[in-house]
Amino acid sequence: MQDYIFSNDFSRNIDAMIYTCGYENCVPGHSYGPILRNGYLIHYILSGSGIYKARGRIFRLKEGDAFLICPGELIYYRADLKTPWSYTWIGMQGIKVRGYLERTSLLEELTVHYGQDDQMRLCHEKMFEADKLPQNRDLIMNSIMYEYLFLLARKFPNSQFSVHEKKSDYVEEALKYIEACYCDPITIQDIADHLNINRSYLHRLFKAFTGMSIQSYLLDYRIRQACILLKNTSLSVRAVAHSVSYADPLYFSRLFRQKKGVSPSEYRRKV
């Protein structure tokens, strides 16, 4: 196996992104570190053995094991002198990566054993193939990353992943749905159906986490978007109303005045 490495521009996606991947056949005793890394890297051992040092612990690893490197943590790893390992790695960065990894046991344990799991191995292989694409490489790489994170969370779930965190996920997904669909006439029931939870339960969760009802938040979000359009475009009030889901511009104007204290036209003149 030849050494292989791929890197791309992390700045394209601040949420989560593959920033490096590759594989390596190590010579006996080949070592790396001590060093700090700036992303989350998961190494999967294809053959051979070696040691990994992190958080004051020493892990003796072999074929089928995987180990996690966390950003800002001093680490060291070395191939065995007699049976040096070959491994493949996936590197991830982004503000949500840690949250995704918290759903797995890997963030706490640092190592797992997924053996010859075909789906996990296939994720690595598909990433290598994605490097050959002439366009949209970042999109396919990220799609494989999310599949990989899902497989990790399913096979190695964090038993301590709290009910509070699961509730928080519902609220976050509700916020995302509103952001994506506010321009359509969505209802609270639509959001609950999207999350596959009870409407009343969603109302209670949202109020507990945000301090306001989901209906109020949806209205406020639409009015905020309307303000942006009024300020930055020359769209008519009717077009602005339609752009934030209100078919009746008079009804929109009444809601706008209730929230902002002025009509949409007056708001535009003042800003």
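The values are calculated or read from the model by the stated rules, or taken from the named source; none is laboratory data. All of these numbers come straight from a predicted model, not from anything done at the bench. Because the Cβ atoms are built from the backbone with ideal geometry, glycine has one as well, and the counts that use them run over all protein chains shown. Calculation scope for accessible area: heavy atoms of the full protein, side chains included, ligands and nucleic acids excluded. Shrake-Rupley method; radii C 1.70, N 1.55, O 1.52, S 1.80 Å.
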Any idea which of I140, I191 is crowded, with 17+ Cβ neighbours inside 10 Å, over 18 Å from the mean Cα position of the chain (by Cα) and assigned to a helix (DSSP H, G or I)? I191
When the residues of region 143-167 are narrowed to those that are closer than 19 Å to M92 by Cβ and among the hydroxyl-bearing types (S, T, Y), which ends up least open to solvent (accessible area, probe 1.4 Å)? Y148
Where L205 falls short, out of the listed (1) hydrophobic (A, V, I, L, M, F, W, C); (2) more than 15 Å from L175 (Cα to Cα); (3) free of Cβ contacts under 8 Å to residues at least 40 places away in the same chain: (2)
Single match in G50, G72 (criterion: over 27 Å from the mean Cα position of the chain (by Cα) and at pLDDT 90 or above): G50
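Inspect all residues belonging to region 50-63 and state whether any of them is open to solvent by less than 70 Å² (accessible area, probe 1.4 Å) and in a loop (DSSP other than H, G, I, E, B).
Within region 50-63 (the criterion being open to solvent by less than 70 Å² (accessible area, probe 1.4 Å) and in a loop (DSSP other than H, G, I, E, B)), the answer is no, since none of the residues qualifies.
Taking the options G33, G99, name whichever one is over 15 Å from I18 (Cβ atoms), without any contact (Cβ under 8 Å) to a residue 60 or more places away in the chain, assigned to a helix (DSSP H, G or I) and of a type in the set (G, A, S).
It is G99.
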Take region 170-188 and flag every residue that is modelled with pLDDT of 90 or more, charged (D, E, K, R) and part of a helix (DSSP H, G or I). E173, K176, E179
Looking at region 229-244, which of the residues that are touching a Leu at 6+ places or on another chain (Cβ under 8 Å) and not in a helix (DSSP H, G or I) is least open to solvent (accessible area, probe 1.4 Å)? V244
Could you list, in sequence order, all residues of region 106-121 that are open to solvent by 30 Å² or more (accessible area, probe 1.4 Å) and either hydrophobic (A, V, I, L, M, F, W, C) or in contact with a strand residue (DSSP E or B) (Cβ under 9 Å, 6 or more places away or on another chain) (or both)? E109, T111, H113, R121
Confirm whether A226 is under 29 Å from D248 (Cα atoms) and open to solvent by less than 30 Å² (accessible area, probe 1.4 Å). yes
Unique residue being closer than 24 Å to S105 by Cβ and among the polar types (S, T, N, Q) when the list is Q189, Q160, Q135: Q160
Being open to solvent by 30 Å² or more (accessible area, probe 1.4 Å) and assigned to a strand (DSSP E or B) is the filter; apply it to region 71-88 and report the residue that is farthest from D169 (Cα to Cα). P84
